[in-house]
1. With +1 on each Lys and Arg Cβ and -1 on each Asp and Glu Cβ, how big is the dipole of the chain about its Cα centre, in debye rounded to the nearest 20?
2. Only helical DSSP H runs with n ≥ 4 go in: add -39500 (n - 2.57) per run for the chain, normalise by residue count and round the 222 nm mean residue ellipticity to 500 deg cm²/dmol.
3. Taking the beta-carbon count within 10 Å as an exposure proxy, list T28, T109 from fewest neighbours to most.
4. With helices defined as uninterrupted DSSP H runs, which ones in the chain have an alpha carbon span along their own long axis of at least 24 Å and mean Kyte-Doolittle hydropathy of at least 1.0?
5. Mind sorting K88, K24 by how few other Cβ atoms lie within 10 Å of their own Cβ, fewest first?
6. Show me the ranking of peptides 122-131, 57-66 by mean Cβ neighbours inside 10 Å, starting with the highest.
7. Identify, among G84, Q21, Y118, the residue whose Cα sits farthest towards the positive end of the charge dipole of the chain, taking +1 on the Cβ of Lys and Arg and -1 on the Cβ of Asp and Glu, with the dipole about the Cα centre.
Amino acid sequence: MLYAIASAVIFFLSALYLGLQQAKLWSTLSLIGTSIVLEAQPGAAASIALGFHPLMGAVISILGNLIPIPILMFTVRQIISRWGWARKKVQRAERWSRKYRRYGVGALTLLSPFLGAYLCIAIGSVAGWRPMTTFFATFLGLVVSVFLIAYGGHWLVSLLLHLP
C-alpha cells in the first residue's frame, strides 16, 4: 500500500511541478482534478481552454490521471485476494479469458481512450492478466489519445482564431 500511495504522490507532485513551471497554479490544480475525475482525455481538452501548451497540457493530464491508478491496482488485488466471492468471480473470468490472455491485453490499448484507464485496469485485473502488462497496454492507449486530443484541439483553436 505504501508503494501505491508513494506512486500517487509522485504523480501528483510531478504534475504540480510542471504546472508551476508554467506559472499556473490554479489552472494546474483544476487540470489535475479534471484528469482524476473525468479521465485524461477530457483533461487534455480542458488544458486547451486553460491556456496550456499542448505538450504540457497533455503531460499534466496524463500524470493527473495516473494518480489513482496505483491505489486502484492495489485495492483490486486486495479485494480479489481477501473476499471469497470476488475470488470465485475472478477465477471464472480467468477461465473465460484464458484464450484471450496472449492478445487480449492489446485490446485495452484500443479501449482505454473510450472506456477510460480506470475501467481498463479493472477489466485487466478481473480477467487475471498481469498487472504491469495491463497497465502498459492501458497507458499506451491513454498517451496516444491524450496527445492527439491536445495537439488536435490546439491546432483547431489556432485555426479558428486565424480565420479571416
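1. Numbers: 13 positive and 2 negative charges, 228 e Å.
Approximately 1100 debye in magnitude.
2. My calculation for the chain gives -28500 deg cm²/dmol from helical runs alone.
3. Numbers: T28 25, T109 19.
The fewest-first ordering by Cβ neighbours comes to T109, T28.
4. On the way: long enough: 2-21 (28 Å, 1.84); 131-161 (44 Å, 1.70).
Membrane-span-like by this criterion, though nothing is claimed about a membrane: 2-21, 131-161.
5. Least to most surrounded, the residues fall as K88, K24.
6. 57-66, 122-131
7. So the residue we want is G84.
Computed from the coordinates by the stated procedures, all read-outs in this text should not be read as laboratory data. Bear in mind that the values here come from a model prediction, so they are computed numbers and not experimental data. Every residue, glycine as well, gets a Cβ built from its backbone with ideal geometry; the counts of neighbours run over all protein chains shown.
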